[in-house]
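Note sheet for the following structure.
The values are calculated or read from the model by the stated rules, or taken from the named source; none is laboratory data. Because the structure is predicted, anything quoted here is derived from the model rather than measured. We place every Cβ from the backbone using ideal geometry, glycine too, and count neighbours over all the protein chains shown.
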């Protein structure tokens, strides 16, 4: 089953340790992996990046480039 | 305050934020700092708070906490070579259809469930978040319970309880980890083909070995049974 995962940076070492196939690492505090409450734009951007990785046929770990922000 | 000793070491103070007398899961990482690092963390937080008092950006305080959180957790698993769930290979399944035609299933360890469908951990009804935190050791040793969340569930019908992470953001806006509205929007826009009928959530602080040996294969089959072409995983 193809998978893609989203991790906060505090646990950004997990995907490599556990051999996950495709992962996005966000620079967000624990408990807010996709973005701050109410920040729908950021949440969608992270989801789009993650879903975009599904087309990759090689293992991929990428960091979402933008830092955390408040809504 | 009654259970706080009249004197307290720096170590006791650090540990009090992690399921102790001052439990705050946003700051449980202080348990993993040295006493000196904890002092540096407090100093940075005080300085950032003072800047905010003088009109600075409130995000500065969040950023200080975030940076120390990242530093604290960087080594919390110890020696990577001794990590019991370490894999040396990276199995990868290739997508067989474009995203615009694919059915996506969402699985998260956020602890969300639908109002009226409480997983009732340990047989207890209406367990509070505070009790979940108090009983975290029991959760970590217990079996995982998967909650099915129909993807069209109204946001105001979604509840969350998890003793392992600060849930206030996930309670205020489930989309921070359970992005049902965004995924439905992507389907409406034609960016993805469809969604599996249900998303799934469980309390990730659970017996990890059981997840690898038992639940992983079972849940992968669940995704297949729902006709999913891929799974979006949002661990907390």
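Comparison of B:170, B:191, B:220, B:228 shows that the only residue that is in contact (Cβ under 8 Å) with a residue 24 or more places away in the chain and in a helix (DSSP H, G or I) is B:170. For the range B:71-102, the set of residues classified as at the interface with chain A (Cβ under 7 Å from one of its Cβ atoms), touching a residue at least 40 places away in the same chain (Cβ under 8 Å) and not in a helix (DSSP H, G or I) consists of B:85, B:95, listed by residue number.
Has the range B:102-111 got any residue that is in contact with a helix residue (DSSP H, G or I) (Cβ under 8 Å, 6 or more places away or on another chain) and surrounded by fewer than 18 Cβ atoms within 10 Å (Cβ to Cβ)? So far as the range B:102-111 goes, no, none of its residues is in contact with a helix residue (DSSP H, G or I) (Cβ under 8 Å, 6 or more places away or on another chain) and surrounded by fewer than 18 Cβ atoms within 10 Å (Cβ to Cβ). For the range B:123-139, check the following and say yes or no: at least one residue is in contact with a helix residue (DSSP H, G or I) (Cβ under 9 Å, 6 or more places away or on another chain), part of a helix (DSSP H, G or I) and within 23 Å of residue A:5 (Cβ to Cβ). The answer is yes; a qualifying residue exists. For residue A:12, state whether it is closer than 28 Å to residue B:30 by Cα, facing another protein chain (nearest Cβ under 7 Å) and either without any contact (Cβ under 8 Å) to a residue 60 or more places away in the chain or within 9 Å of the chain's Cα centre (by Cα) (or both). Here the answer is no, as residue A:12 does not meet what is asked.
List, please: which pairs have Cβ atoms under 6 Å, are six or more places apart or on different chains, and start with a residue in the range A:46-71 that is more than 8 Å from chain B (Cβ to nearest Cβ) and end with one that is outside any strand (DSSP E or B) and at pLDDT below 95? Correct list of pairs: A:61/A:15.
Looking across the range A:31-71, the residues that are surrounded by fewer than 18 Cβ atoms within 10 Å (Cβ to Cβ) and assigned to a loop (DSSP other than H, G, I, E, B) come down to A:38, A:55, A:56, A:57, A:58, A:59, A:69, A:70, A:71.
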